[in-house]
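Worksheet: one structure, shown below.
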Amino acid sequence: MLIEAILLGLVIGWLRRGQLRHLAGVKLAGWALVLLALAIKLAIMIDFNLGWSLFAPAAPYLHLISYLPLLAFVFLNRSQWGMILMGLGLLLNLIVIAANGGFMPVNPAFLTPPMQEGLLSGTASPLHTVLTDESLFPLLGDQIPIPYRVDKVISIGDLLLGLGIALFIQYYMISQPAAEK
């Protein structure tokens with residue numbers, strides 16, 4: 001979903017006659033926090049995909065912890081266009097993940113049988129679980145299918161995060177940095 005949000009922001013910015021070089025002039029505080037969050041999630045995924053199981057017992061906790069630097073980054077940059085939407089999306093995802101033991105519940109009805117089987121057996125992802133009647137805050141789980149991507153289901157939080165990213169990119173593509181005005 002993040003790639004689509006970035007592309008959407010770039011296309012809208014381009015259609016509005018924006019320029020990529022304007023994005024380079026945007027000052028973001030604490031950008032290393034985003035890298036830290038990505039490193040945590042990347043470590044979990046590499047560990048899972050290589051079958052090492054070094055982080056497996058801690059993966060749900062690390063998943064939760066990875067949201068903290070992202071929320072701190074949003075807070076530090078809250079005056080930037082689109083950041084509040086990004087923060088709201090992250091917060092909604094954190095709420096449902098925290099309420100469900102560190103896992104994002106996924107509605108298997110929108111997945112193909114092989115993906116359903118992988119989700120049920122735990123071989124599809126270390127960060128997701130099946131959405132059941134016992135899942136807390138099911139409305140916030142991954143329940144929105146993406147028509148052009150088979151086996152991709154997103155949450156309301158993902159939508160808000162993506163919308164915030166797209167708004168941020170297109171806005172700053174058409175707004176000249178202060179130094180150029």
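Values in this text are rule-based calculations from the coordinates and carry no lab data. Model, not experiment: these values are computed from the prediction. With ideal geometry, Cβ positions are generated from the backbone for all residues, glycine too; neighbour counts draw on all protein chains shown.
Can you tell me which of 3-14, 46-57, 29-40 comes out highest on packing, and rank the rest after it, using the mean Cβ neighbours within 10 Å?
Ranked from most to least packed, the peptides come out as 3-14, 29-40, 46-57.
I'd like the FRET efficiency for T132 and V26, computed as 1/(1 + (r/R0)^6) with the beta carbon distance as r and R0 of 35 Å, rounded to 0.05.
Numbers: r = 42 Å, r/R0 = 1.21.
After rounding, the FRET efficiency stands at 0.25.
Is there a quick way to get the dipole size of the stretch 55-174? I mean about its Cα centre, with the Cβ of Lys and Arg at +1 and of Asp and Glu at -1; what is the value in debye to the nearest 20?
Magnitude of the dipole: close to 380 debye.
If you take Rg and Dmax of the Cα atoms in Å from the coordinates, which of (1) 17.0, 63; (2) 17.6, 57; (3) 20.1, 61 do you get?
Read-out taken from this structure: (2).
Using Cβ contacts closer than 10 Å as the measure, can you line up V96, V26, V150 from fewest to most?
Placing the least packed residue first, the sequence is V150, V26, V96.
Helix-derived [θ] at 222 nm for the chain: sum -39500 (n - 2.57) over DSSP H runs of at least 4, divide by residue count, nearest 500?
The helix contribution divided over the chain gives -18000 deg cm²/dmol.
Quick one: angle between helix 31-49 and the longest Cα principal axis of the chain, in degrees between 0 and 90, rounded to 10, please.
For 31-49 against the chain, the angle is about 30 degrees.
With 10 angstrom as the radius, rank L131, L136, L91 by how many other C-beta atoms surround their C-beta, starting from the fewest.
Fewest-to-most ranking of L131, L136, L91: L136, L91, L131.
Grab the Cα-Cα distance for L76 and L35, subtract it from 0.36 nm times how many residues apart they are, and report the gain in nm with one decimal. Before the final figure, lay out the partial values.
Working: separation 41, 0.36 × 41 = 14.76 nm, distance 1.49 nm.
Separation in residues times 0.36 nm, less the Cα-Cα distance, equals 13.3 nm.
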